[in-house]
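Data block below; observations after.
Each value in this text was obtained by applying a stated rule to the coordinates, not by laboratory testing. Since the model is a prediction, treat every value here as computed from it, not as a measurement. Here the Cβ is made from the backbone with ideal geometry for all residues, glycine too, and neighbour counts use every protein chain on show.
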Amino acid sequence: MSTGLFVETLPGQPIVDFVREFEAPAAAVYTAHADPDVYVRWVGPTTYETAVTAWDHRSGGAYRFVQREPGRLGEYAFRGAIHTARPGELIIQTFEWEGAPDQVSLDIMRFEDLPGGRSRIVGRSVFPSLDNLRSMLDDGMTEGMETGYRALDDLLREG
């Protein structure tokens, strides 16, 4: 069983640090972030449908995906550039909700193996301003991350 999501903000800084453990090796958790067919099955609220519109997960690549809530109008599109993709170890990327253009965060995720076939992600997101960080937190960023990671737990158990 995972240990749940730990999120910490740094006072006066537009930074969020997070840690999340999984009952799977780092390589499997990394693949769930890098493979678009797997990614759409766990990212975001479980009530939303996710479709990838662009995916080039490699150093120098880029991505874009769109989420829709069935039965409701509108969609939420997200995009970013992948600075570094080191399989099983590290992703450094940007992240932008197209509904808030120019509010791009820099996300760093390290994938670490733990004893017993377990792993953890240690991450940091740097936002362009404190206001942008507060807005993301107010819009449910933490809850969305944990909901997605619980869905990822289920996928990882399935193999």
- Item | ³J(HN,Hα), Karplus 6.51/-1.76/1.60, whole Hz, each residue of region 138-149, x for Gly, Pro | 5, 7, x, 3, 5, 5, x, 5, 5, 4, x, 5
- Task: If a/c stays under 1.5 just call it rounded; otherwise compare a/b with b/c (prolate if a/b is bigger, oblate if not). Do that for region 110-159, with a ≥ b ≥ c from the square roots of the Cα gyration tensor eigenvalues.
- Result: oblate
- If amide H atoms are built 1.01 Å from N in the plane of the peptide, which residues on other chains or at least 5 residues away come under 5 Å of the amide H of Ala77? Gln67, Glu98, Gly99
- So what is the relative contact order of region 30-159, in percent, for Cα pairs below 8 Å that sit 6 or more residues apart? 19 percent
- Note on the structure: The Cα extents of the chain along the principal axes, largest first and rounded to whole Å, are 41, 39, 30
- Sorting Pro70, Val43, Gln93 by the position of each Cα along the dipole of the chain (Lys, Arg +1; Asp, Glu -1; all at Cβ), the one nearest the positive end of that ordering is Gln93
- Query: Which order do peptides 45-52, 31-38 fall in by mean Cβ count within 10 Å, highest first?
  - Reply: 31-38, 45-52
- Message: Can you show me the helix-derived [θ] at 222 nm for the chain, built from DSSP H runs with n ≥ 4 at -39,500 (n - 2.57) apiece and divided by the number of residues, rounded to the nearest 500.
- Response: -7500 deg cm²/dmol
- Here the FRET efficiency for Arg86 versus Ala54, based on Cβ atoms and R0 = 22 Å and rounded to 0.05, is 0.55
- Task: Select from region 76-159 those trypsin sites (Lys or Arg not before Pro) which occupy a DSSP coil region and have at most 12 other Cβ atoms within 10 Å, ordered by residue number.
- Result: none
- Task: Could you go through region 19-31 in sequence order and give the Karplus-derived ³J(HN,Hα) for each residue, using 6.51 cos²θ - 1.76 cosθ + 1.60 with θ = phi - 60°, rounded to whole Hz, and x for Gly and Pro?
- Result: 9, 8, 9, 9, 8, 7, x, 4, 4, 5, 5, 4, 4
- Proxy exposure order for Glu23, Glu8 (fewest C-beta within 10 Å first) is Glu8, Glu23
- Item | Distance in nm between pseudo-label sites at Ser129 and Tyr76 (7 Å out along the Cβ direction from Cα) | 2.1 nm
- Query: Magnitude of the Cβ-charge dipole of the chain, K/R +1 and D/E -1, about the Cα centre, nearest 20 debye?
  - Reply: 240 debye
- Item | Where Rh is the Kirkwood radius over Cα pairs, Rg/Rh for region 1-89 | 1.00
- Rounded Å value of the spacing that divides the Cα centres of region 124-157 and region 1-67: 9 Å
- Task: Can you quote the Å³ per residue value for the convex hull of the Cα atoms in region 73-159, rounded to an integer?
- Result: 127 Å³
